[in-house]
Amino acid sequence: MMTLDEALAGDAADPLRHFRERFALPEGVIYLDGNSLGPLPRATVTAMDDMVRRQWGERLIRGWNEGWIDAPQRIGGKIARLIGADADEVIVADSTSANLFKAIVAALRRDPARRTVVTELGNFPTDLHVAEGAVGCVEGARLNAVARGDLGAAIGDDTALLLLTHVHYKTAERFDMAAWTERAHAAGALVLWDLSHSAGAVPVDLGGAGADLAVGCGYKYLNGGPGAPAFLYVAGRWQEGLGNPLSGWMGHEAPFAMEDRYRPAPGIRRWLAGTPPVIGMAALEAGVDLLLEADMAAITAKSIGLFDTMAAIGDALGLDCVSPRDAATRGSHISFRHPEAYQLCQALIAEDVIGDFRDPDILRLGLTPLYLGFEDVVRAGEILKVILTEQRHRDPRFAIRAAVT
Ligand SMILES: Cc1ncc(COP(=O)(O)O)c(C=O)c1O
């Protein structure tokens, strides 16, 4: 197990160390939750001030022609660099849930002979729920959600779309994107990847994998702020052939021609629906710009180091780690299964170690290399040890469930 001295030496040698100062992290808090809500980049404060006081306050509606209207494509182009896509294949729009809906319905309408969406049981709830709603909007369509081990057998002649979350939100298990994309394509199906726990966390190569569609959150590893807009990737080859079922005016070829009939814009812009949330976009852009300064190989190497440090602590405490030990098959968080995971999480938060809980028994800790150090992980482990040894988590106040867990 790593000692505090070793952790300090590791931090001193860390090429990403200087990024920590770029975040406004509260003093004394160990933030192991950047995979749920990334912390506030200092640059976002400046960007928000400019957005609200100058752009909104002074430029008023002139702002639309001074960068607002292009923000979905501009920021999409930046996110593209993090996920192995071309700049004109990604757009920032709506929420991940809404983008899932658009992409699933579009994939189902491509080929009327294919009626099934195949996905994994235990996928993130919104993926399953939106898929359920989306198949209900397309005649004859159905959802086939199966256990991970049965996915291969479930893909067949009738499959329109394979819908998978690249890094599992609970366990951090990571699918082999290229291999599963190939399997879907071999059966004539499209594939849609949810990159919510991947973008900015692990290397992603949508283009290299030949992926068709992808979505992801802006508020996790992209540090776009609470409720940040999401992104949608549509491979160049599908941009003309697939239609956006939320055919709103911002996806029209000429929104300000005010035509009665919908004519989709060529390219990625057709995947917009309504007016972009400009303030949220500005916050997301600041987060993405910061991430683009970092080297993904350094992020990956440090993520592995932070994981190994935490995994060794978990082993020493006798915790049941449900995340893969093989770095190539996981994301950038670590999860422990524990019958009192909720209470443990609350007891940690009471000590300013912020992680999260996933029902029914998962304690999930985000290991975000940009601002976390080895010292943070070792100190979090020490606090966890005290809580477990003294059974502090058994305090009844830690069993009270809040609305958001
Ligand atoms: C895999 C995955 N998809 C989607 C979402 C959330 O989607 P939305 O931003 O629409 O709430 C999350 C949130 O944690 C997630 O983990």
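The values are calculated or read from the model by the stated rules, or taken from the named source; none is laboratory data. Being a predicted model, the structure only gives us computed values, none of them experimental. Neighbour counts run over all protein chains shown; Cβ positions are idealised from the backbone, glycine included. Note: areas computed on protein heavy atoms with side chains; ligands, DNA, RNA excluded. Shrake-Rupley method; radii C 1.70, N 1.55, O 1.52, S 1.80 Å.
Just one of Arg148, Arg142 is surrounded by fewer than 17 Cβ atoms within 10 Å (Cβ to Cβ) and in contact with a Ser or Thr (Cβ under 8 Å, 6 or more places away or on another chain); which is it?
Details: Arg148 fails: in contact with a Ser or Thr (Cβ under 8 Å, 6 or more places away or on another chain).
Being surrounded by fewer than 17 Cβ atoms within 10 Å (Cβ to Cβ) and in contact with a Ser or Thr (Cβ under 8 Å, 6 or more places away or on another chain) holds for just one of Arg148, Arg142, which is Arg142.
So Trp180 fits all but one of (1) outside any loop (DSSP other than H, G, I, E, B); (2) within 16 Å of the ligand (Cβ to nearest atom); (3) open to solvent by less than 20 Å² (accessible area, probe 1.4 Å); what number is the exception?
Among (1) outside any loop (DSSP other than H, G, I, E, B); (2) within 16 Å of the ligand (Cβ to nearest atom); (3) open to solvent by less than 20 Å² (accessible area, probe 1.4 Å), Trp180 violates only (3).
For residues in the range 113-138 being in a helix (DSSP H, G or I) and out of contact with any helix residue (DSSP H, G or I) (no Cβ under 9 Å at 6 or more places or on another chain), which is surrounded by the most Cβ atoms within 10 Å (Cβ to Cβ)? Give the derivation first.
First pass over the range 113-138, keeping only residues in a helix (DSSP H, G or I): 125-135.
Then drop every residue that is not out of contact with any helix residue (DSSP H, G or I) (no Cβ under 9 Å at 6 or more places or on another chain), which leaves 125, 128, 132.
Working: Pro125: 11, Leu128: 18, Glu132: 15.
Residue satisfying both the conditions and the ranking: Leu128.
Tally the residues that are within 21 Å of Ser36 (Cβ to Cβ), open to solvent by less than 100 Å² (accessible area, probe 1.4 Å) and assigned to a loop (DSSP other than H, G, I, E, B), restricting the search to the range 387-405.
2
Taking only the range 36-89 into account, find how many residues are among the charged types (D, E, K, R), open to solvent by less than 50 Å² (accessible area, probe 1.4 Å) and within 16 Å of the chain's Cα centre (by Cα).
Adding up the residues that qualify gives 1.
Would it be correct to say that Ala98 is under 18 Å from Arg270 (Cβ atoms) and more than 16 Å from the ligand (Cβ to nearest atom)? If you could, list the steps in order and put the result at the bottom.
Values: under 18 Å from Arg270 (Cβ atoms): yes; more than 16 Å from the ligand (Cβ to nearest atom): no.
Against the criterion (under 18 Å from Arg270 (Cβ atoms) and more than 16 Å from the ligand (Cβ to nearest atom)), Ala98 does not qualify.
Could you pull out the residue among Glu120, Glu58 that is within 14 Å of the ligand (Cβ to nearest atom) and at pLDDT 95 or above? Quick ask: steps written out before the conclusion?
Values: Glu58 fails: within 14 Å of the ligand (Cβ to nearest atom).
Just a single option satisfies the conditions, and that option is Glu120.
Taking the range 229-268 only, how many residues are closer than 17 Å to Ala80 by Cβ, in a loop (DSSP other than H, G, I, E, B) and either within 16 Å of the ligand (Cβ to nearest atom) or among the charged types (D, E, K, R) (or both)? I'd like the intermediate steps shown before the answer.
The initial filter retains those residues of the range 229-268 that are closer than 17 Å to Ala80 by Cβ, namely 229-239, 267-268.
Among the residues that remain, those that are also in a loop (DSSP other than H, G, I, E, B) are: 229-230, 235, 239.
Imposing the further condition that a residue be either within 16 Å of the ligand (Cβ to nearest atom) or among the charged types (D, E, K, R) (or both) reduces the set to 229-230.
Matching residues across the range 229-268 total 2.
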